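Below: one structure, written as structure tokens.
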Amino acid sequence: MVGFGTLLNMVGIIAGGGLGLTIGNRISEAYRQMVMVACGICLIFIGAAGVLAEMLVFKDGRLVSTGAVTLLVCMSAGSFLGELINIEGRVLRLGTWLRAHSGNRDDARFINAFVSASLMVSIGSLAVMGPLSESIYGDSSLLITKTVIDFLTIMVITIPNGKGCLFAAIPMGIIQGLITLIGLWFKAAASAAILSNIVLTGSVMIFCVGLNLAFDKQIRVSNMFPAIGIGILYACIPW
């Protein structure tokens, strides 16, 4: 059923966050920090693997790199556009609104928790390819896999960051729902180049989320999100 995977994903995020809130006080701060670093490093490798899978190909019996120009154009143009329209600021305002209207006005961690968790579960190859695979091919396996990953990730980051992480289910559901609708719309027209560029740019962003999490960086990853749209347009240009 189209949409089932995203609904299951939302339930997994809420369940993982709820479990994290339940067991949080029983785990030391040192353990929490180490788990956060470990999750960040895992995301770095997941993102790097996605990028390398799209850029490295065998040609004439040897491994060659492709797509460097595509990646540079999509990420630079997309990041510029994201900064111009200030996606990060809009996400922060959404977090502020949710904090005020969900009984968490005094929770200083709420906004950062919401933004960080939203970025982790809403971007990357699985967040894009999962809904597309479900809508185009009727295959929910990628979204089921993503649900398991998100359950564990949100459980871990909720322990030090609080209940704001649970609300990441909202933007994730909206984004993946829109991607599902897009997949239904161009079901017969989605070329391999389009899908490749989506995975390529999304994987770079999940790599950056891992850097933020593991090394306490402040990369405005949400402002890179237009790179996915640029990648789709770039693939449609007859070079």
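The values are calculated or read from the model by the stated rules, or taken from the named source; none is laboratory data. Treat the numbers as computed from the prediction; the structure is a model and nothing was measured. Cβ atoms come from the backbone with ideal geometry, glycine included; neighbour counts cover every protein chain shown.
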Quiz item: Do we have any residue at all in the stretch 205-212 that's touching a residue at least 24 places away in the same chain (Cβ under 8 Å) and in contact with an Asp or Glu (Cβ under 7 Å, 6 or more places away or on another chain)?
Solution: no
Quiz item: Of all the residues that make up the stretch 63-100, how many are of a type in the set (S, T, N, Q) and exposed (fewer than 13 other Cβ atoms within 10 Å of the Cβ)?
Solution: 1
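Name the helices (runs of 4 or more DSSP H) wholly within the stretch 8-125 that hold at least 1 residues that are modelled with pLDDT under 90, farther than 18 Å from L211 by Cβ and touching a Phe, Trp or Tyr at 6+ places or on another chain (Cβ under 8 Å)? Give the derivation first.
Details: elements: 29-55, 68-85, 87-101, 110-122.
The helices (runs of 4 or more DSSP H) meeting that bar are 87-101, 110-122.
Mind listing whichever residues of the stretch 139-162 are farther than 23 Å from F110 by Cβ, assigned to a helix (DSSP H, G or I) and more than 16 Å from the chain's Cα centre (by Cα)?
Just the residues of the stretch 139-162 that are farther than 23 Å from F110 by Cβ, to begin with: 139-149.
Adding the requirement that they be assigned to a helix (DSSP H, G or I) leaves 141-149.
Passing the criteria: only S141.
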Quiz prompt | Residue, nearest to V115 (Cα to Cα), within the stretch 184-204, restricted to residues that are surrounded by fewer than 21 Cβ atoms within 10 Å (Cβ to Cβ) and of a type outside the set (A, V, I, L, M) | solution = S196
Quiz item: If you take the residues in the stretch 128-157 that are among the β-branched types (V, I, T) and without any contact (Cβ under 8 Å) to a residue 40 or more places away in the chain, which one is surrounded by the most Cβ atoms within 10 Å (Cβ to Cβ)?
Solution: I149
Practice problem: Please go through the stretch 37-71 and pick out each residue that is more than 19 Å from V199 (Cβ to Cβ) and in contact with a helix residue (DSSP H, G or I) (Cβ under 6 Å, 6 or more places away or on another chain). | Solution: V37, C39, G40, I41
Quiz item: Say we look at the stretch 214-239 and pick out the residues that are in a loop (DSSP other than H, G, I, E, B) and touching a residue at least 12 places away in the same chain (Cβ under 8 Å); which of these is farthest from S191 (Cα to Cα)?
Solution: R220
Quiz item: Of the residues that sit in the stretch 133-154 and are modelled with pLDDT of 90 or more and of a type in the set (A, V, I, L, M), which one is nearest to S28 (Cα to Cα)?
Solution: I154
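A quick yes/no check of all residues on (1) touching a Ser or Thr at 6+ places or on another chain (Cβ under 7 Å); (2) among the β-branched types (V, I, T):
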| site | (1), (2) |
| --- | --- |
| F4 | yes, no |
| I14 | no, yes |
| T22 | no, yes |
| M55 | yes, no |
| L63 | no, no |
| V91 | yes, yes |
